[in-house]
Amino acid sequence: MKTVFSETQLAHAPAQEISDGELKPAVEIPARAEIVLKTVRDRQVGDVIAPEEFPLRHIQRVHAPDYVAFLENFWQMWTAVGRSGEAFPFVWPVRSLRVDTQINHIDGLLGRYSMDAGTPLGAHTYKAARASADTALTAAQLLLNGEQSAFALCRPPGHHAGFDFLGGYCFFNNAGVAAQYLRDNGLNRIAILDVDYHHGNGTQALFYDRPDILFLSIHADPKDEYPYYLGYADETGEHAGTGFTRNWPLPLGTNWEAYAPALEEACRWLLVYKPEAMIVSLGLDCFEGDPISGFKFKSEDYLRLGERLAKVGVPTMFVMEGGYAIDALGTNCVNVLEGFAG
Ligand code: SP5
Ligand code: ZN
């Protein structure tokens, strides 16, 4: 299986994040990609190739042009008001406030285009996020070229980012951009299976009213875990997309044995839907050693996950999402890829 990765993705290198209401050392850091890349090479998963540079219009197929422009211009606007350090949003248009007015100040824009204060933006965030999306697009192109599988070593991740907002360490929805690219290039039914510990709220929202992109997610119950405001079992799609979103919220403390039945159910939906391609939003944060998460996967369980996904029997691209136990991240990620490749 080919891996797609660009060093440009390392340029987003936050020092700190706001987590649990406090400033803490950032966990979504370049070392995550570096350890995965090293393990891909050590365990000879396959060639590592650089992404192609795709035109912005592919990103704008799923993200609002004004949001994309905001990200592109952010650092210039932030420094123009005298700021120099990495940026955190701090005011939001919640209920009863207006989201549709013309705002000039960068602080107001930053709040409008974000869902949390845990996602710092720096001087190089845009170019890294752009490269991460290119990595997903390149993996999608590999499937279109006839490859049976591909690994998009994306970072920063994507599944919390929506049509016009960032959050959860995510800026562009890499899996969503790839799914739309596959649709735009002749495939009719795409399935996205999100196995990150956190619900993929951004991806779900992008395709909630569409039957052509099935969204399935297994994750920590949002009543007890980020992102809190989406990812419940009664969210099953709307309008033409009714029935094409499914969520399996699971309790904190879930181990592989308790997770496997939900995975089986998701795989049954895949069997019924018969996608022409599958995108796995591959978070590795269900791991027992993850510093911000509450599931209990062991490293070997990731082999089982890969084996099960292979049995679905569909051309599959893996898009890396979360996973913050740096020392085990390469092992856990490559276990999925090896389990899949057999
Ligand atoms: C892509 C991805 O995995 N994003 C995750 C964003 C999570 N942000 C909220 C983190 C809250 C951490 N709370 C940890 C409590 C453990 N003591
Ligand atoms: Zn996650």
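Here are the numbers:
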item	result
Check on Val62, within 27 Å of Ser293 (Cα to Cα) and either assigned to a loop (DSSP other than H, G, I, E, B) or of a type in the set (Ser, Thr, Tyr) (or both)	no
Considering residues of segment 293-311 that are within 30 Å of Pro25 (Cβ to Cβ) and open to solvent by 10 Å² or more (accessible area, probe 1.4 Å) only, the residue farthest from ligand 1 (Cβ to nearest atom)	Glu300
Segment 263-289, residues that are open to solvent by less than 10 Å² (accessible area, probe 1.4 Å) and either within 18 Å of Glu225 (Cα to Cα) or within 16 Å of ligand 1 (Cβ to nearest atom) (or both)	Ile279, Val280, Ser281, Leu282, Gly283, Leu284, Asp285, Cys286
Residue selected from segment 312-342 under the condition more than 16 Å from ligand 1 (Cβ to nearest atom) and hydrophobic (A, V, I, L, M, F, W, C), by the criterion farthest from Gly289 (Cα to Cα)	Val314
Boolean, Asp107 is within 16 Å of ligand 1 (Cβ to nearest atom), open to solvent by 10 Å² or more (accessible area, probe 1.4 Å), touching a residue at least 12 places away in the same chain (Cβ under 8 Å) and acidic (Asp, Glu)	no
Contacts under 6 angstrom Cβ, first residue in segment 314-329 being within 22 Å of Ala131 (Cβ to Cβ) and more than 14 Å from ligand 2 (Cβ to nearest atom), partner open to solvent by 10 Å² or more (accessible area, probe 1.4 Å) and not in a strand (DSSP E or B), 6 or more apart	Met317/Leu143; Ile326/Ala31; Ile326/Ile35
One residue from Ala87, Ala80, Ala26, Ala33 being surrounded by 15 or more Cβ atoms within 10 Å (Cβ to Cβ), more than 16 Å from ligand 2 (Cβ to nearest atom) and at pLDDT 95 or above	Ala87
Residues of segment 277-313 that turn out to be within 16 Å of the chain's Cα centre (by Cα) and without any contact (Cβ under 8 Å) to a residue 12 or more places away in the chain, as a count	0
Subset of segment 163-199 (residues that are among the acidic types (Asp, Glu) and in contact with a helix residue (DSSP H, G or I) (Cβ under 9 Å, 6 or more places away or on another chain))	Asp164, Asp184, Asp194
Residue within segment 229-244 that is of a type in the set (Phe, Trp, Tyr) and without any contact (Cβ under 8 Å) to a residue 24 or more places away in the chain present	yes
Hey, Ala258 among the small types (Gly, Ala, Ser) and either open to solvent by 10 Å² or more (accessible area, probe 1.4 Å) or free of Cβ contacts under 8 Å to residues at least 24 places away in the same chain (or both) or not	yes
Contacts under 7 angstrom Cβ, first residue in segment 217-228 being crowded, with 21+ Cβ neighbours inside 10 Å, partner of a type in the set (S, T, N, Q) and part of a strand (DSSP E or B), 6 or more apart	Ser217/Asn247
Conditions (1) more than 21 Å from the chain's Cα centre (by Cα); (2) aliphatic (A, V, I, L, M); (3) within 14 Å of ligand 2 (Cβ to nearest atom): number failed by Ala260	(3)
Count - residues of segment 133-181 that are away from ligand 2 (no atom under 16 Å from the Cβ), part of a helix (DSSP H, G or I), open to solvent by less than 10 Å² (accessible area, probe 1.4 Å) and among the hydrophobic types (A, V, I, L, M, F, W, C)	8
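The values are calculated or read from the model by the stated rules, or taken from the named source; none is laboratory data. Model, not experiment: these values are computed from the prediction. When we count neighbours, we look across all protein chains shown, and the Cβ atoms used for this are built from the backbone with ideal geometry, even at glycine. Accessible surface areas use protein heavy atoms only, side chains included; no ligands, DNA or RNA. Shrake-Rupley method; radii C 1.70, N 1.55, O 1.52, S 1.80 Å.
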